[in-house]
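Input: a single structure, listed below in structure tokens.
The values are calculated or read from the model by the stated rules, or taken from the named source; none is laboratory data. Computed from a predicted model, the values in this text were never measured in an experiment. For neighbour counting, all protein chains shown are included, and Cβ atoms are generated from backbone atoms with ideal geometry for every residue, glycine included.
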Amino acid sequence: MPLVRPDELERAAEEALRSAGATDEEARIVAAHLVTANLAGHDSHGVLRLPQYLAGIEAGSIACGAEIETVRETPTSAVLDANWGFGQVAALRATEMAIAKAGEHAIAAVALRRSNHVGRLGEYVELTAARGMIGMCFVNGHGGAHNTVPWGGADRRLCSNPLAFGFPTGDGPVVLDMSTSAVAEGKVRTYRIAGKPVPDGWIVDSEGRPTNDPEVLYSQPRGALLPMGGNLGYKGFGLSLLVEAMAGGLSGAGTSGPDPERGGNAMCIIAIDPERFVGKERFMAEMDSLVEWVKSSRPAPGFDEVLVPGEVERREWQRRTREGIPVDDETWRQILGAAGSTG
Ligand SMILES: NC(=O)c1ccc[n+]([C@@H]2O[C@H](COP(=O)([O-])OP(=O)(O)OC[C@H]3O[C@@H](n4cnc5c(N)ncnc54)[C@H](O)[C@@H]3O)[C@@H](O)[C@H]2O)c1
């Protein structure tokens, strides 16, 4: 499997996007986002997506140079319409807006609709954390892209509806970034590409029966992802409904239903500035002692240590920055093919 240097991969992705029609700013933001996802170890949201984005530009489902409109605004909230431009660009704008408003008024929420795939949510709450704020992010499939069964159901009714939150500590941010389905669909795709069975508790076939065969997600009649939580999957299902309300409900994109406008991402990002509550210093000291406390636990059998959310990604980031990003042969072939077709 080729190991590619992050800066080379980013330059290649940026050039491919630009030659397909993306503006310089779009190409720069999207390429950086994809490579950052690879660095964090989330290959399902890395350059694997590039062929899909290039095909989206060609088909007209991704509008290059789309204007991001502010549809409604108050001092502490906004609703943005991305006009079906690049999701990463619009999500970044929404995040910057929420941070600026929270800086003024302690807390702010910005909702986004008519956006394409926003990618790895961790990126947005890492940004709020880098500015010393708590961030919470919710993303649905714009009412469509159904790939997950509700708890107790055998039919696709929801999308993998991810959520993320992050807060700063003295030793880097704590970032929980997760689908409310057992895993992101892209993770099943990486198993399918590798020809490997997926672990128990991830997917069901079209009749709602548990299976380890990743193929059921892609062939007819289609299977589905399970909600997160294994035999407590009703918790993931409940959180998925929260995501629908926050992302689909507040943005006006719509929640999952039989007649979505089209697949895409709707998002809501909340920023909270601790400075306006107890002051940044006291908040950070509290978060530092919380992390120290949980990590001071003796490891349970089978574990080496307690990790906080975001730590796995941070370590992978350091390793891949040093060693390079592994890009599997199939993805590499697809990237070269797609880049070749855009010249
Ligand atoms: N834009 C979209 O439509 C969309 C949809 C679904 C998922 N996603 C993205 O897909 C990515 C993968 O999602 P996922 O659900 O497969 O994530 P995952 O299961 O790999 O990780 C979930 C979280 O668990 C934490 N974690 C992992 N191991 C841990 C450990 N041992 N101890 C403590 N914490 C630990 C990670 O730091 C992470 O925050 C995410 O970046 C998500 O934003 C995007």
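A few comments on the model shown:
- Flag if residue 40 is under 24 Å from residue 184 (Cβ atoms), buried (at least 21 other Cβ atoms within 10 Å of the Cβ), hydrophobic (A, V, I, L, M, F, W, C) and within 16 Å of the ligand (Cβ to nearest atom): yes
- No other residue among 217, 242, 232, 226 is in contact (Cβ under 8 Å) with a residue 40 or more places away in the chain and more than 17 Å from residue 156 (Cα to Cα) apart from 242.
- The lone exception for residue 194 - which of (1) under 30 Å from residue 326 (Cβ atoms); (2) more than 14 Å from the ligand (Cβ to nearest atom); (3) at pLDDT 95 or above it fails: (3)
For every residue, the table says whether it meets (1) more than 16 Å from the ligand (Cβ to nearest atom); (2) assigned to a loop (DSSP other than H, G, I, E, B); (3) at pLDDT below 95; (4) within 25 Å of residue 123 (Cα to Cα).
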| residue | (1), (2), (3), (4) |
| --- | --- |
| 260 | no, yes, yes, no |
| 263 | no, yes, yes, yes |
| 269 | no, no, no, yes |
| 278 | yes, yes, no, no |
| 297 | no, yes, no, no |
| 332 | yes, no, yes, yes |
| 335 | yes, no, yes, yes |
| 343 | yes, yes, yes, no |
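- Being within 15 Å of the ligand (Cβ to nearest atom), of a type in the set (Gly, Ala, Ser) and surrounded by 13 or more Cβ atoms within 10 Å (Cβ to Cβ) holds for only one residue in 324, 310, and it is 310.
- The strands (runs of 3 or more DSSP E) found wholly in region 71-169 and carrying at least 1 residues that are within 16 Å of the ligand (Cβ to nearest atom), more than 22 Å from residue 262 (Cβ to Cβ) and of a type outside the set (Gly, Ala, Ser) occupy 134-140, 163-167.
One line per residue, one yes/no per condition, for (1) hydroxyl-bearing (Ser, Thr, Tyr); (2) surrounded by fewer than 22 Cβ atoms within 10 Å (Cβ to Cβ); (3) not assigned by TED's automatic domain parsing to the domain that holds residue 286:
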{"residue": "102", "(1), (2), (3)": "no, no, no"}
{"residue": "115", "(1), (2), (3)": "yes, no, no"}
{"residue": "121", "(1), (2), (3)": "no, no, no"}
{"residue": "144", "(1), (2), (3)": "no, yes, no"}
{"residue": "151", "(1), (2), (3)": "no, yes, no"}
{"residue": "162", "(1), (2), (3)": "no, no, no"}
{"residue": "192", "(1), (2), (3)": "no, yes, yes"}
